[in-house]
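I have placed the structure first, in the form of structure tokens, so that the comments after it can refer back to it.
The values are calculated or read from the model by the stated rules, or taken from the named source; none is laboratory data. Worth saying up front: this structure is predicted, and the values here are computed from it rather than measured. Cβ placement follows ideal geometry from the backbone for every residue including glycine, while neighbour counts extend to all protein chains displayed. For accessibility, only protein heavy atoms count, side chains too; no ligands or nucleic acids. Shrake-Rupley method; radii C 1.70, N 1.55, O 1.52, S 1.80 Å.
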Amino acid sequence: MSNYSDPRADTSLKLCEHCDAVFRRIRLDPGERAYCPRCGSELYRNNDRRYGALLPVVLASLIVFVCCNAFPIVTMEIQGLSTRTTVWGAVRVLAREDMLSVSTLVFVTTILMPLVELGLLAYLLVPLWLGRIPAGFGPVVRLVRLGRPWGMIEVFMLGIVASLVKLSAMAIVIPGVALWAFGALTVLLAIVVSFDPADLWEHAEAIEAGHPSPAEHRP
């Protein structure tokens, strides 16, 4: 019996998230997708090849995430005075200005939840890449899916761009390293969220069945 799945679960079945119809999975060729015949929504796709590239993208996202929070977002010069801040500095300023709710929202959606998702994905993908199933596999996959809607880096990025456009009329605005890093992180996270964490169940089952892991295919 598997130590990571519910013994009552049948991963050969797929539930349509839009109309609740249940279908039995069939094997797809690389790049193919299965659609619900009732509502036309996409049920699943063959991600065997794409998942091999997910781990490098997640690790790259973690590196860029550190840059986003370690360097200033922007430098502003007004009448000879220069000021700069990081994301964490902005969170602290908002908290000091009695905007605790806004400060908490920025912290959760921009720092905490993206870091949690990337960290949990790395926790899952590294052992799977090495041919092992990590402890707590099922709960971690569910946690990734539960927390994913709370990561809003792209919304934060749009807010920064809109603010810079308005501030450019009052001060000299110099984009910082973190601003460019946020742009790169937005692209990387768009790639990450295109993968459904639930599909990792199939990879875990393949490992349990004794199929070779991606690492064993490397020359």
It is to be established whether one or more residues within segment 153-165 are of a type in the set (Asp, Glu) and farther than 18 Å from Asp199 by Cβ. yes
Might you let me know whether segment 47-65 holds any residue that is more than 30 Å from Leu179 (Cα to Cα) and either open to solvent by 80 Å² or more (accessible area, probe 1.4 Å) or modelled with pLDDT of 75 or more (or both)? yes
Cross-chain or 6+ apart pairs with Cβ under 7 Å, segment 33-56 first and under 18 Å from Leu200 (Cβ atoms), then modelled with pLDDT of 80 or more and of a type in the set (Ser, Thr, Tyr): Glu42/Tyr35; Leu43/Tyr35
Cβ-Cβ below 8 Å, separation at least six or inter-chain, first residue in segment 161-180 and open to solvent by 70 Å² or more (accessible area, probe 1.4 Å) and modelled with pLDDT of 75 or more, second assigned to a helix (DSSP H, G or I) and not aromatic (Phe, Trp, Tyr): which pairs? Val177/Cys67
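So if I check each of Met99, Met113, Met76, which one is open to solvent by less than 70 Å² (accessible area, probe 1.4 Å) and over 30 Å from Asp199 (Cβ atoms)? If you could, list the steps in order and put the result at the bottom.
On the way: Met99 fails: open to solvent by less than 70 Å² (accessible area, probe 1.4 Å); Met113 fails: over 30 Å from Asp199 (Cβ atoms).
Just one listed residue meets the conditions, Met76.
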Within segment 13-34, how many residues turn out to be open to solvent by 100 Å² or more (accessible area, probe 1.4 Å) and either at pLDDT below 75 or not basic (Lys, Arg) (or both)? 5
